[in-house]
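See structure below.
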Amino acid sequence: MAQFHVIAGADATPVHPTIRKIGLDDIKEALTRGLDDFSAMPSHAIFLCLIYPLVGIFLAALMAGYNVLPLIFPIAAGFALLGPVAALHLYELSRRREAGLDVSWGNAFDVLHSPSFPAIAALGVALFLLFLAWIATAQILYQSLFGVLRPESMAGFAREILTTPTGWKLIIIGNAVGFVFALVAFTLSVVTFPMLLDRDIGAAEAVATSVRAVAANPVTMAVWGVIVAALLGLGFLTFFVGLAVVIPVLGHATWHFYRRVVEPVPGTPFEVRGTPKGRRYAAQFPASLFAREKDE
């Protein structure tokens with residue numbers, strides 16, 4: 001029964017959300033509101049999102065071993081596949097601010113109390129498996145063209161990729177395959193995770209709504225996808241430091257983009273989530289230290 005709830009949601013009869021036709025003005029509005037959320041909550045967003053640039057720097061240092069050098073770009077590019085999961089806490093902060101509630105960075109952990117959290121976790125695992133499939137595909141493609149021997153040096157690796165016909169073949173085919181993976185992930189998740197935070201409709205209906213949203217607005221969705229990819233690319237070009245700004249702005253903007261795409265349910269009360277009074281979880285440290293005085 002619990003498994004059915006994860007897939008189908010709380011209602012026995014699925015409710016199909018209404019999709020709006022949107023344009024470039026809606027993208028502009030979503031980005032503007034996302035930037036406004038980031039400006040209003042910089043301490044929360046930057047603190048929470050610094051972990052992702054640090055993880056990226058760690059991965060880059062790990063990749064310094066030349067045996068895995070060919071996977072640096074696939075791993076960086078594949079980060080976008082996991083972006084919707086990484087930004088969950090940002091959706092929650094924007095959700096609360098939109099409702100006019102006080103927001104502290106401890107509220108980011110309220111996602112753990114969402115009735116849709118099992119569905120969110122299941123879809124997060126699905127995106128992670130898609131990420132692993134992309135990395136495996138990239139490795140197979142590289143080895144099919146260059147063999148299994150590791151590059152002798154970083155300079156030699158760059159020369160092989162950028163100045164040889166085999167290298168250009170790898171770039172063209174690799175980007176084409178990567179585009180397919182990105183298109184699948186984008187179509188399945190563009191509004192899925194914000195919607196699951198907003199409504200307990202189940203993983204299947206959330207994914208179906210995301211697919212319908214892309215089908216109803218192909219041009220606008222393509223522009224949104226290019227903007228997301230371009231901003232993430234800028235974040236990586238700054239040696240991951242720029243991600244501390246790019247990720248929160250995009251995360252907040254994605255919540256508002258979802259609001260522009262999916263018609264809200266009239267009269268639906270805002271659901272306040274959180275930890276019962278007096279209870280603290282390890283996941284909330286150090287936020288719980290600052291919340292204790294208020295509870296008392």
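Just so it is clear, none of the values below were taken in a lab; they were calculated from the coordinates. These figures come from a predicted structure and were not determined experimentally. Heads up, the Cβs are rebuilt from the backbone with ideal geometry, glycines too, and the neighbour counts pull from every protein chain shown.
Packing here is the average count of other Cβ atoms within 10 Å per residue, and on that basis the peptides 68-80, 85-97, highest first, run 85-97, 68-80. Rounded, prolate or oblate: pick one for segment 163-257, where a ≥ b ≥ c are the square roots of the eigenvalues of its C-alpha gyration tensor, a/c under 1.5 means rounded, and failing that, prolate if a/b is larger than b/c, else oblate. Oblate. Summing Lys, Arg as +1 and Asp, Glu as -1, what charge do residues with Cβ under 12 Å from the Cβ of residue 253 carry, residue 253 excluded? After counting each charged neighbour, the total is 0.
Looking at segment 217-262, the chymotrypsin sites (Phe, Trp or Tyr not before Pro) that sit in a DSSP loop and have at most 12 other Cβ atoms within 10 Å of their own Cβ are 239. The chymotrypsin sites (Phe, Trp or Tyr not before Pro) of segment 99-151 include none that DSSP puts in a loop with a beta carbon having at most 10 other beta carbons within 10 Å.
In what order do 25, 198 fall by count of nearby beta-carbon atoms within 10 Å, going from fewest to most?
Values: 25 10, 198 24.
With the sparsest Cβ surroundings first, the list reads 25, 198.
In terms of its Cα atoms, segment 63-189 spans 57, 25, 20 Å along the principal axes, sorted from long to short.
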